[in-house]
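*Asks:* Take a look at this one; I'll ask things after.
Values quoted throughout were computed directly from the atomic coordinates according to the rules given, and no laboratory measurement underlies them. All of these numbers come straight from a predicted model, not from anything done at the bench. No Cβ is skipped: glycine too gets one built from the backbone with ideal geometry, and neighbour counts run over all protein chains shown.
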Amino acid sequence: MERIPCTGCSLLCDDILIGTDGLFVDKIYGACLKGKERFDQVSSKNRLTSPMIRKSGNLENVSWDNALEKVKEILNASSKPLLYGFSTSNCEAQAKGIQLAKKINGFIDSNSVICLGKALNIAKETGITLTTLAEIINKTDLIVLWGSNAAESIPRLLNKILFSRGKFRMTGREIKTIIIIDPVKTASFGVMQLRDLALNIHTGKDLDLIRVLKEECCKEGSFPKEGVAGIDEEELKRLFLNLMGAENGVIFIGQGLLRPLPEVNVIKELFELVNLINLKQNKGRISVGLLGGHYNMFGFDQISLSLTGKNHSLQFSNNELVNTEDTIITKIEKDDFDCSIIVGTDPISHFPYSLSKKLASKPLIVIDNRKSATSDMAEIVLPSAITGIECEGLVYRFDHVPIELKKILNPPSGVLTDEEILNQIIQKIG
Amino acid sequence: MELFKYLPQTNCKKCGYPTCMGYALALLQGKVKIEDCTPLVEEAKYKEKYEKLIELMGGEDGKEKELHIDIDEDLCDGCGICVTACPVNARFCPPTLSGKAPDVPHDKHQLFEVKDGKCVLLNLEHCRRLEAEGRERECHVCEIYCPREAIKIVYV
């Protein structure tokens, strides 16, 4: 039995107790259902174990050499390749991915562009107050869940931040206040006590609430009598008092705050609100936590920032980075690609039909450890080892802290890691 | 307060407490029995209140009823909030203080454990509802904090 980090979600719990018999994981203590499923993938039925090529409509098992030859053929024939995914690979593989994109003059993007990676781009303008999990456990006294249902999406988050008894918060749950702002009464509301605040905001009206709070920051007593977005004046006052009185508060942003339209920038206004509150209050500070889904979503942002100076959506031309406003979505929308390499994700089932139809119409090369809708559509399928179980590496947690993953099992014979596969493709192209 | 409603409220001092309110508090903490209030038992006009009171205190009065904690396996998603929130776990398993998973093999006092993504009840011997005294005996943190409402405390 040893304690290893779990790669089920972006919380990366490093206290999961695992027992193995050399081939499979047979004892799992402490992991939630999401983490357990992750460990079960080692022996799951839909595991990919051999490279496959589409021949006359069907996927057929071939050797690695044949598969890589075919990859070379497709990449040499293409001028605008697309690379997407990388959120479930380690940072080493992500660096290789950027190297490959540079070599083949491709466009590379990660899942963070349709998730909270946007927030980091916005933070370049407004600034962002970040915090770490250890600080939240030991010091925080106010937790705000805004547009996220942590009890179901990241099951162990509330356990770690709300119920834990930290060094300066020895009474645990008794001393911590939780505020949930959500239009739907989700499972997260189940942990609330009398003095906590449940705000059922109207759908899509977060911006109104943020603006009212910003106004109150500038001029006291300016709350509207009739309330705003389904929240009455009394609740507004309590919310504002909690934000102002917190010694160490943290606002967790979930997917609920993301808007597809660029002109409605809720996250930018929220960051400005946090800055205003921090200017005004003198007890402590309010910081922001970004609740991503994939366990290494922020890793790609960090790696591409250190290698190229840009967060995501990297377009290469003549082996140099060029400026572009495009993201993976606009790229596919405009049909501005001629083949794609998908690493460890399933865009065919994530994207809307109009986009996935376009993506599937061009040659697809999939690097993944399990069968998915994307791998069923693919031209070439390359099986990879499961990062965090069959291969070690560095990943970034939701609070941007690097965590070292451990290798506890050997991958099945003939299965390489993401990093090795990308390296071999780079060498093959020459 | 609920208990106070069903007392005679005459402050007769026969139970040894100066007021009925004081007696009600002692009753809540399990220091006295309902029978200590002699007017309630003897006088006919309080008969209805007496029966109500027995019903209210039923959980502790019925000795043959046994404590059970039911965990619905279909609802549970192994978040481990019960493991961290349980005061007995917190006292005897140090890792749970900072929200971590307890050590394996488990301490003999430990009540809950998350195994294979589901919560498991290890033993009930050291539950506060059986061992603690006074108000702590009314502990039901595992039941109220479960976000999936998978835990139920029942007397069978």
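*Asks:* Under a point-charge model restricted to the Cβ atoms of Lys and Arg (+1) and Asp and Glu (-1), what is the dipole moment magnitude of the protein assembly as shown relative to its Cα centre, in debye to the nearest 20? Kindly include the intermediate steps, with their values, before the conclusion.
*Replies:* Details: 73 positive and 81 negative charges, 137 e Å.
That gives the protein assembly as shown a dipole magnitude of about 660 debye.
*Asks:* Please list, short to long, the whole-number percent of alpha-carbon pairs of the range A:196-326 in consecutive 10 angstrom bins beginning at zero.
*Replies:* Each 10 Å bin holds this share of Cα pairs: 10, 33, 31, 16, 8, 2, 0.
*Asks:* Principal axis extents for the range B:67-155, Cα atoms only, whole Å, descending order, please.
*Replies:* Here the Cα extents, ordered largest to smallest, are 35, 27, 19 Å.
*Asks:* Also, I was wondering about something else. Could you work out [θ]222 nm for chain B from helices alone, using -39500 (n - 2.57) per DSSP H run of at least four and dividing by all its residues? Round to the nearest 500 deg cm²/dmol. If you can, show how the numbers build up before the last one.
*Replies:* On the way: 9 runs with 52 residues, N = 156.
When only DSSP H runs of four or more count, the value is -7500 deg cm²/dmol.
*Asks:* Okay, next question. In Å and on Cα atoms, what radius of gyration and Dmax does the range A:263-409 show?
*Replies:* Values for the range A:263-409 (Cα only, Rg and Dmax): 19.0, 59 Å.
*Asks:* Rg and Dmax in Å for the range A:119-203, alpha carbons only: what are they?
*Replies:* For the range A:119-203, the Cα-based Rg and Dmax read 13.8, 39 Å.
*Asks:* If you filter the range A:314-381 for GluC sites (Glu not before Pro), then keep DSSP loop positions with at most 12 other Cβ within 10 Å, what is left? Mind showing how you got there, number by number?
*Replies:* On the way: sites: A:GLU320, A:GLU325, A:GLU333, A:GLU379; in loops: A:GLU325, A:GLU379.
Counting only loop positions with at most 12 other Cβ atoms within 10 Å, the GluC sites (Glu not before Pro) in the range A:314-381 are A:GLU325.
*Asks:* If you don't mind, another one. On a 0 to 90 degree scale, rounded to 10, what angle separates helix B:47-56 from the longest Cα axis of chain B?
*Replies:* The two axes meet at around 10 degrees.
*Asks:* If you don't mind, there's one more thing I want to ask. Return the inverse of the average 1/r over all pairs of distinct C-alpha atoms in the range A:272-355, which is the Kirkwood hydrodynamic radius, in Å to one decimal. Walk me through the numbers on the way to the answer.
*Replies:* Details: mean 1/r = 0.0608 Å⁻¹.
Over the range A:272-355, the inverse of the mean reciprocal pair distance is 16.4 Å.
*Asks:* Please average, across the residues of B:80-91, the number of beta carbons from any other chain that are within 10 Å of each residue's own beta carbon, and give a whole number. Could the numbers behind the result be given before it?
*Replies:* Working: counts 11, 11, 2, 3, 10, 7, 1, 1, 0, 0, 4, 0.
The shielding value for this peptide is 4.
*Asks:* May I ask which residue of B:THR38, B:LEU7, B:PRO18 lies farthest towards the positive end of the charge dipole of the range B:2-60, with charges of +1 (Lys, Arg) and -1 (Asp, Glu) on Cβ and the Cα centre as origin?
*Replies:* B:PRO18
*Asks:* Of all the stretches in chain A, which is the longest one without any exposed loop site, taking trypsin sites (Lys or Arg not before Pro) in a DSSP loop (any state but H, G, I, E, B) with at most 14 other Cβ atoms within 10 Å?
*Replies:* Numbers: sites that count: A:LYS45, A:LYS167, A:LYS185, A:ARG195, A:LYS205, A:LYS219, A:LYS225, A:LYS283, A:LYS334.
With trypsin sites (Lys or Arg not before Pro) excluded where exposed in loops, chain A gives A:46-166 as its longest stretch.
*Asks:* Quick check: from the Cα gyration tensor, does the range A:117-290 come out rounded (a/c under 1.5), prolate or oblate? Could you put the intermediate results ahead of the total?
*Replies:* On the way: a/c = 1.29, a/b = 1.25, b/c = 1.03.
Verdict is rounded for the range A:117-290.
*Asks:* For the range B:90-156, which trypsin sites (Lys or Arg not before Pro) pass both filters: DSSP loop (anything but H, G, I, E, B) and at most 13 other C-beta atoms within 10 Å? Write out the running numbers ahead of the final one.
*Replies:* Numbers: sites: B:ARG91, B:LYS100, B:LYS108, B:LYS115, B:LYS118, B:ARG128, B:ARG129, B:ARG135, B:ARG137, B:ARG148, B:LYS152; in loops: B:LYS100, B:LYS108, B:ARG148.
Listed in order of number, the matching sites are B:LYS108.
*Asks:* With r as the distance between the Cβ atoms of A:GLU234 and A:LYS334 and R0 = 45 Å, compute the FRET efficiency 1/(1 + (r/R0)^6) and round to 0.05.
*Replies:* Numbers: r = 50 Å, r/R0 = 1.10.
After rounding, the FRET efficiency stands at 0.35.
*Asks:* Also, I was wondering about something else. If the cut-off is 23 Å between C-alpha atoms, which lysines fall inside it for A:LYS80, apart from same-chain ones fewer than 8 positions away?
*Replies:* Correct list for A:LYS80: A:LYS70, A:LYS72, A:LYS96, A:LYS102, A:LYS103, A:LYS310, A:LYS331, A:LYS334, A:LYS357, A:LYS358, A:LYS362, A:LYS428.
*Asks:* Determine how many Å³ per residue the convex hull of the Cα atoms of the range B:2-60 encloses. Intermediate values should be presented prior to the final figure.
*Replies:* Working: hull volume 4.2 nm³, N = 59.
In the range B:2-60, the Cα hull volume divided by residue count equals 70 Å³.
*Asks:* Right, next: Determine how many Å³ per residue the convex hull of the Cα atoms of the range B:1-122 encloses. Display every interim value, and only then the final one.
*Replies:* Details: hull volume 19.5 nm³, N = 122.
With only Cα atoms used, the range B:1-122 gives 160 Å³ per residue.
*Asks:* So what is log10(I(q)/I(0)) for the protein assembly as shown at q = 0.12 1/Å, when the Debye sum runs over its Cα atoms only?
*Replies:* The calculated log intensity ratios at q = 0.12 Å⁻¹ are -1.22.
*Asks:* Hey, another quick one. Considering only DSSP beta bridges whose two residues both sit in the range A:261-399, what percent are antiparallel, to the nearest 5? Could the numbers behind the result be given before it?
*Replies:* Values: 3 of 12 bridges.
Approximately 25 percent, going by the DSSP bridge assignments.
*Asks:* Obtain the nm distance between the two label points defined at A:LEU194 and A:ILE429 by a simple spin-label model: each point lies 7 Å from its Cα along the Cα-to-C-beta direction.
*Replies:* 6.5
*Asks:* Could you give the distance between the Cα centres of the range A:209-280 and the range A:16-49, to the whole Å?
*Replies:* About 42 Å separates the Cα centre of the range A:209-280 from the one of the range A:16-49.
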